[in-house]
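A short worksheet on the structure shown next.
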Amino acid sequence: MGDSCCDEHLGIGEVKALLEQELAVPVYSVAIGGSEDADVYHGFIGSLNDQVDEVCATLTRGPSPFRSGFNMVGFSQGGLFVRALVERCPGLKVHNLITLGAPHQGVMDVPNCINPSHGEREKTLCKLIETLLDKGAYAPWIRDHVVQAQYFKDVRDPGYLAHNPFLPDINQEHIEKNPRRVHAAAPGGAED
């Protein structure tokens, strides 16, 4: 949220460069859209379900150095995203999934949205997102287009299960489970 895939001097791009340098391994940083600016934008606006499908298609088509398997790491909102990717993308061979600070049970606010390292555009987007979530995270346009609304979980609002298009599915909170999931929890919480 407010970060991009690729800036080698900031955020995830810096982590990517550090991992490549220190571990001497190839690192693929997931990007949504055709540019670094588009990637930042899609961290706020878009459908997480569509984004997961897009990245799944990108990672599973054509030749790939990751075909034999790889480790996946996600930070914050990205941790939630990569978990959904592992759950839903049958062509991925992920050895280990590591998430750090991921809101797997959702959020009731946009934590640390305004970050001093963000530029004016990111700060403006954060203020807009906070305003939209305050107006109603489960309102149709907001829930379908604001990324943070798709993992917004207001435990006081009975509309969460019925109207949240993303989080209840990946957390298997619906009575009927989504058949497109690759990994479904078995009884007792174990993965099959």
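Values in this text are rule-based calculations from the coordinates and carry no lab data. None of these values were measured; they are calculated from a predicted model. Using ideal geometry, Cβ is built from the backbone for each residue, glycine included, and neighbour counts are taken over all protein chains shown.
A few notes on this one:
- Exposure proxy shown here: for 56, 6, the number of other Cβ atoms within 10 Å sets the order, fewest to most, as 6, 56.
- Annotation: amide H-H contacts under 5 Å for residue 74 (H modelled 1.01 Å from N, sequence separation of 5 or more, or interchain): 98, 99, 100.
- Listed by chain and number, the aspartates and glutamates placed with their C-alpha closer than 19 angstrom to that of residue 135 are 109, 144, 154, 157; residues fewer than eight positions away on the same chain are left out.
- Amide H partners (placed H, <5 Å) of residue 108, local residues excluded: 153
- Backbone amide hydrogens, once placed in the peptide plane, bring residue 45 within less than 5 Å of 147, excluding anything fewer than 5 places away on its chain.
- Rounded to the nearest whole Hz, the Karplus-based 3J(HN,Hα) values (6.51 cos²θ - 1.76 cosθ + 1.60, θ = phi - 60°) of the stretch 146-159 follow the sequence 9, 3, 5, 5, 7, 10, 7, 10, 8, 5, 8, 9, x, x, with x at glycine and proline.
- Estimated vicinal HN-Hα couplings, Hz - the stretch 84-91 in sequence order (Karplus 6.51, -1.76, 1.60; Gly, Pro = x): 4, 4, 5, 5, 10, 9, x, x
- Chain lengthening between residue 21 and residue 53 when straightened (0.36 nm per residue, less Cα-Cα): 8.5 nm
- Modelled FRET efficiency - R0 22 Å, residue 174 with residue 68, Cβ distances, 0.05 increments: 0.05
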